Amino acid sequence: SLALLLSATALLAGGAWSAETESGPFGDASTADGGPECTVQVGGGLLKQLGTLTDAPLECSTAWTKLLLGFHYTRKNLTECVEREERSRADQSSNNFCELLLDDLRRQMRQERQRLTGESDQRIQAVQLELNEEKSRSVQLQGNVGAVQQELTRLYRELVLTNVALGDSKHAHESYQRYLKRQKQTDLAPLYEALIRFVYRKASHQQARVDSLLDFVRHLGDADQKLAIYRLLKVELDKRPGTESASHSVVMAFDAVDAAAAGPNSPLQKLYLDTSGPIVKRWRKLIID
């Protein structure tokens, strides 16, 4: 088809065949009704090519029809080829444009992600700083609470000592119960030792304070606590072999035996015997002598 297109001199609608002459390939003539008529003149080489397409002799009209068809399909093929090429270029341009848009979108997304990540990191750091500050305040408050608790325990201890010294057994027991709650009844020996020291701190107040201490211990509900104080007091009474100390020892002994009434073999019973026995012997000796 392409060979036919290149061999033909021109193609116009309503054309006719003629042999090539000296005047050139085209010539004008008038139709019967006076309208213009275009004559297409082709060379013998083209006619020869058309004639070889079939075995039968090629008629002029048949050659013309084949030439038209050849031009038609050639033009169609070329047009489709051009259209495909244009579509391909358009598609490529569209793809390139889409790639540019996609790249720009990726860039924007990266920038946005970096911005959000930076803001998130800043917020996390700010929250972490606040948490650290809260932890520090919490630790400080806990330390303050602990210090306050220790101070309260110390104050209740001082109240026990002061009320015992003043002979206020009721308030002494109230302070003692609060002290026990904070100490959870563990390691009470320091308090008892402090009581004995406080009672004997001033000689002028010793007798009255021993009486107050005996009254305080008499109203304790725990036998072990009574025994612990009595043992410490007995050591101090034995150091002072006077009449007042002897009377206090007898009172302590009878208080101990009253506390041990339910258990005759208890440590309090033994304390009673250890305390009262020497006193009774001494009194008997004085009476006999």
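Listed values, structure above:
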{"item": "Qualifying residue in region 185-195 (condition: charged (D, E, K, R) and over 38 Å from the mean Cα position of the chain (by Cα))", "result": "yes"}
{"item": "Residue match in region 232-243 (condition: modelled with pLDDT of 85 or more, in a helix (DSSP H, G or I) and within 59 Å of the chain's Cα centre (by Cα))", "result": "yes"}
{"item": "Residue match in region 151-163 (condition: of a type in the set (A, V, I, L, M, F, W, C), over 19 Å from Tyr230 (Cα atoms) and within 45 Å of the chain's Cα centre (by Cα))", "result": "yes"}
{"item": "Odd one out for Asp211, checked against (1) over 15 Å from Ser276 (Cα atoms); (2) in contact with a Lys or Arg (Cβ under 6 Å, 6 or more places away or on another chain); (3) of a type outside the set (Ser, Thr, Tyr); (4) in contact (Cβ under 8 Å) with a residue 40 or more places away in the chain", "result": "(2)"}
{"item": "Candidate set from region 159-197 (those that are among the small types (Gly, Ala, Ser) and outside any loop (DSSP other than H, G, I, E, B)); member that is farthest from Leu232 (Cα to Cα)", "result": "Ser175"}
{"item": "Candidate set: region 198-221, residues that are of a type in the set (Lys, Arg) and in a helix (DSSP H, G or I); chosen: the one farthest from Arg231 (Cα to Cα)", "result": "Arg209"}
{"item": "Filtered residues of region 176-221 (kept if acidic (Asp, Glu) and on the phi < 0 side of the Ramachandran plot)", "result": "Glu193, Asp211, Asp215"}
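Residue by residue, here is whether (1) aliphatic (A, V, I, L, M); (2) touching a Phe, Trp or Tyr at 6+ places or on another chain (Cβ under 6 Å); (3) at pLDDT below 70 holds:
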{"residue": "Glu37", "(1), (2), (3)": "no, no, yes"}
{"residue": "Ala56", "(1), (2), (3)": "yes, no, yes"}
{"residue": "Lys66", "(1), (2), (3)": "no, no, no"}
{"residue": "Gln122", "(1), (2), (3)": "no, no, no"}
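The values are calculated or read from the model by the stated rules, or taken from the named source; none is laboratory data. Note that this is a predicted model, so its numbers are computed, not measured. Reconstructed Cβ throughout: ideal geometry from the backbone, glycine too, with neighbour counts over all protein chains shown.
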